[in-house]
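This report refers to the structure that appears directly beneath it.
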Amino acid sequence: MTEQQNVEPAAAPVSSGAVAESAGGADLHIVEVTKRFGDFVAVDDLTLTIPAGAFFALLGPSGCGKTTMLRMVAGLEEPTAGRIVIGDRDVTALRPYRRPVNTVFQNYALFPHLDIFENVAFGLRRKGSKTVKADVERMLDLVELTTYARRKPTQLSGGQQQRVAVARALVNNPEVLLLDEPLGALDLKLRRQMQIELKRIQTDVGITFAHVTHDQEEAMTMADTIAVMNAGRIEQMGAPIDLYENPVTTFVANFLGQSNLIRGSITGTSGGDSLLDVQGIRMAMPTSRVHSDNADVWVGVRPEKVHIELAGSATAEGHNVAPAVISDASYIGVSTQYLAKLPWGQEVGVFAQNMTTQGPLRVGDEVSLSWDPENTFALDAQQDADAGAEKIEGDT
Amino acid sequence: MSAVPATAKKDTGADTAQAVGTRWWTPYALLSPGMLWLVVFFAVPTITLVSTSLQSGTLESGFSFTFEFGNYVDAVSGSWEVYLKSLVYSLLATMSCLAIAYPLAYTMAFKAGRWKNIMLVLVIAPFFTSFLLRTNAWKTILSDNGFVVTWMHNLGILEVLNAIQIPVIFADGISGADRVLQTPLGVIAGLTYNFLPFMTLPLYASLERIDVRLIEAGQDLYATPWTAFRKVTFPLSLPGVVAGTLLTFIPAAGDPVNASLLGGPRDAMVGNKIYNTFYRLFDYPLAAALSVILMAMIVTLVTLYVRRAGTEELV
């Protein structure tokens, strides 16, 4: 409820009205939850807490169990083991219609036989609310659909249907709002708009949002906290910047953005730094960014953190440096994406801003790659270096 | 008609669209197969029926077209009770069908899992035997000393049904005190049985199409399973309900077989009346007038019903 000044007058009553009563929502605790379908473990002993008022994203590839997790919170699936607690209340055994949560379904699941007003009013009518009309109108105002109240869902565009789905859930003042891939069916431009819109609504109403998505950009744009989920487990949880800049597993490193992972080993420490031997090249990095109990590690660096210069140019003091030959250069205007071959044959990606009008380096140029030790991370070499990387079609 | 492809071939690609658009008869040519079908199978029989209903004469002296509206007066005055009975019987049969078919179709659509296809086959299976044979088989099932009648008698159901006596429609009660055959109940039971698949299949089709996420959304929005059914599942299945009731009611209203095999002489329906007038009395004009009235009645009722149900807005 901080950015009141940004809200148009039309939407202002929301913050002082019924919605404000539940401002902050409630903590959602998922405690040691496991869900099995036959032999398949969809969610594996998962524990996490989503603080009240947070915009939380559960991010993972399809089939990682994130939707199952959300459905268990909604009460649409029963956990095989574990507890789900909202606020102070254990809701594990409650039927879905008794839980203080509402869901924005994938593809919205709007009732096709009811108009927009009745869709939004559905939950209020079930609860026997006495202020249905006022509440629905206020909510339609919030999502800017007042003039569509008497239309049927099929007469609305995808983005409008999406807003109806949000309004239909939010109007009930849930303690937690669950969003299941809410923007998956929208085209790219609309998705960007709705990301901003959803973030605005969440800031306005202050309810806890738990959002499930496979789109890393969507998660990073909207959520304050992201949990990256893989194969029924949480790989890493934290603010978007922590996950991106300091991934702790190869899966997170590859699933969020791209990473160059180079095989190396830790040879010792010096102050707060760890010393590395990367295929014979000596490098250094902060020990705090080493996420491995093993001496054998994947030395990681994001492509945009790597400087690329013609061989022989001066590199910044104290940087990790490796010689390479450019094997591919894609000029895309604002930047150039290089593939550079290291002496031992591995190719790494480099994103370079086009700071001059000179054009990019050419394929075959001998270059030196350098990056700040602060931007280096190290992961356990026993993990699969390709985990979470985008698969090229037909590649298995 | 054959000119269309022939001339179309001569046109070069660029001006085809324009050339076709300028020939006024093209749409009619394209419509002609359907129109021909309608004329042969609908317009001609209907016109023949209506014109026959306005003829006068006898089989011996021959019939001639004389605008004999008296046939309609005779039909209504002589048979209004039969019409009324037909409507009530088929209406009750339709309601019984709905009551049996809805849970069946619901189970098939949502609960049956791998048994779904087997259940579908079982619903359709009776069609492999003749309609007449199956109806005759019900004579045995409902026979006076069969187990159905014995049970219904012992449970006191027959006594209750026998006590419901409505003049004209159920003059002697819905069933006999100790029998079902030769009573209205026999006819209604036969109609219900025979038209059950026509109710079940459209219901199943529309229930099966319902996105289960809509029902989940209902429950997520505080609807108990029963409320979710009333407010989401049932309204969404209305197209199936309308289609099923029409497919049951229309043929049931004109059906002569069940009434003649399972009912008594006083339980005759319009179908029997028309049959007798045509084949026994050879009064073709009167039989035609009876048919036209039945048709008009059904069309009127169905129109009112479909308007009322307002399902055209449903997806």
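Laboratory data are not the source of any read-out in this text; all were calculated from the coordinates shown. Since the structure is predicted, the reported quantities are computational estimates derived from the model, not experimental observations. Because the Cβ atoms are built from the backbone with ideal geometry, glycine has one as well, and the counts that use them run over all protein chains shown.
Of the residues B:Met95, A:Met229, the one with the fewest other Cβ atoms within 10 Å heads the list, and the complete ranking is B:Met95, A:Met229. Averaging 1/r across all pairs of distinct Cα atoms in segment B:85-277 and inverting the result yields a Kirkwood radius of 18.0 Å. At 10 °C and 1.306 mPa s, grab the translational diffusion coefficient of chain A from Stokes-Einstein with a Kirkwood Rh over Cα pairs, rounded to a whole number in µm² per second. This corresponds to a translational diffusion coefficient of 68 µm²/s. Helix A:158-170 and the longest principal axis of the C-alpha atoms of chain A enclose an angle of approximately 60°.
Using C-alpha pairs under 8 Å with a sequence gap of at least 6, the mean separation divided by the residue count of segment B:85-277 gives a relative contact order of 30 percent.
Once you have a ≥ b ≥ c as the square roots of the Cα gyration tensor eigenvalues for segment B:126-201, tell me rounded if a/c is under 1.5, and otherwise prolate or oblate according to whether a/b is larger than b/c. Here segment B:126-201 falls in the prolate category. Modelled label positions at A:Met355 and A:Thr92, each set 7 Å beyond Cα in the direction of Cβ, lie 5.7 nm from each other. DSSP finds beta bridges in chain A, and of those with both partners inside it, around 75 percent are antiparallel.
As a test of the formula, what do you get for chain A when each DSSP H run with n ≥ 4 contributes -39,500 (n - 2.57) and the sum is divided by the residue count, at 222 nm and rounded to the nearest 500 deg cm²/dmol? It would help to have the intermediate numbers written out before the result.
Numbers: 10 runs with 91 residues, N = 396.
The helix-only estimate for chain A comes to -6500 deg cm²/dmol at 222 nm.
Evaluated with a Cβ-only charge set (Lys, Arg +1; Asp, Glu -1), chain B carries a dipole of roughly 720 debye about its Cα centre, given to the nearest 20. Using the Kyte-Doolittle scale, which helices in chain B average at least 0.0 and also have C-alpha atoms spread 27 Å or more along the helix axis, with helices defined as whole DSSP H runs? Going by DSSP H runs, the hits are B:70-106, B:184-208, B:234-254, B:284-309.
Could you tell me the relative contact order of chain A? Use alpha-carbon pairs under 8 Å, at least six residues apart, and round to a whole percent.
On the way: 833 pairs, mean separation 64.9, N = 396.
Over chain A, the number comes to 16 percent.
When the Cα positions of B:Val180, B:Phe42, B:Thr58 are compared along the charge dipole of chain B, B:Phe42 comes out farthest toward the positive end, with charges on each C-beta of Lys, Arg, Asp and Glu.
Tell me the volume per residue, in Å³, of the convex hull enclosing the alpha carbons of the protein assembly as shown.
Details: hull volume 207.8 nm³, N = 711.
Hull volume normalised by residue count: 292 Å³.
Note on B:227-238: average number of Cβ atoms from other chains within 10 Å of each residue's Cβ is 2.
How would segment B:63-195 be classified by its alpha-carbon gyration tensor: rounded, prolate or oblate, with rounded meaning a/c under 1.5 and the a/b versus b/c comparison settling the rest? Oblate, because a/c is 1.5 or more while a/b does not exceed b/c. In chain A, the longest principal axis of the Cα atoms and the axis of helix A:132-142 are about 30 degrees apart.
Just give me a number: lysine pairs in chain A, eight or more positions apart or cross-chain, with C-alpha atoms less than 30 Å apart. Value for chain A: 21. Label-to-label distance for B:Thr66 and B:Trp37 is 4.1 nm, based on points extended 7 Å past Cα in the beta-carbon direction. Computed about its Cα centre, the charge dipole of segment A:258-380 is approximately 160 debye, with only Lys, Arg, Asp and Glu carrying charge at their Cβ. Residues B:Leu236, B:Leu155, A:Leu198, B:Leu247, arranged from fewest to most other Cβ atoms within 10 angstrom of their Cβ, appear as B:Leu155, B:Leu247, B:Leu236, A:Leu198. Based on C-alpha pairs under 8 angstrom that are at least 6 apart in sequence, segment B:35-174 has a relative contact order of 12 percent.
By how many degrees, between 0 and 90 and to the nearest 10, does the Cα long axis of helix A:188-205 differ from the longest principal axis of chain A? So the helix axis and the longest Cα principal axis differ by about 60 degrees.
Dipole check for the protein assembly as shown: with +1 at the C-beta of Lys and Arg, -1 at the C-beta of Asp and Glu, and the Cα centre as origin, the magnitude is about 2900 Debye. Relative to the compact-globule estimate of 2.2 N^0.38 Å, the Cα radius of gyration of segment A:255-396 comes out at 1.07. Answer with one residue from A:Ile241, A:Ala52, A:Ala389: the one whose Cα lies farthest towards the positive end of the charge dipole of the protein assembly as shown, charges on Cβ with Lys, Arg +1 and Asp, Glu -1. Comparing the listed Cα positions along the dipole, A:Ala52 ranks first. Helix content alone sets the calculated 222 nm mean residue ellipticity of chain B: runs of n ≥ 4 DSSP H residues at -39500 (n - 2.57) each, divided across all residues, give -21500 deg cm²/dmol. Residues A:Thr80, A:Thr208, B:Thr248, B:Thr140, arranged from fewest to most other Cβ atoms within 10 angstrom of their Cβ, appear as B:Thr140, A:Thr80, A:Thr208, B:Thr248. Look at the dipole of the protein assembly as shown built from charges on Cβ: of A:Ser313, B:Tyr89, A:Gln216, the Cα furthest out on the positive end belongs to B:Tyr89.
For the peptide A:119-131, the mean number of other protein chain Cβ atoms found within 10 angstrom of a residue's Cβ is 3.
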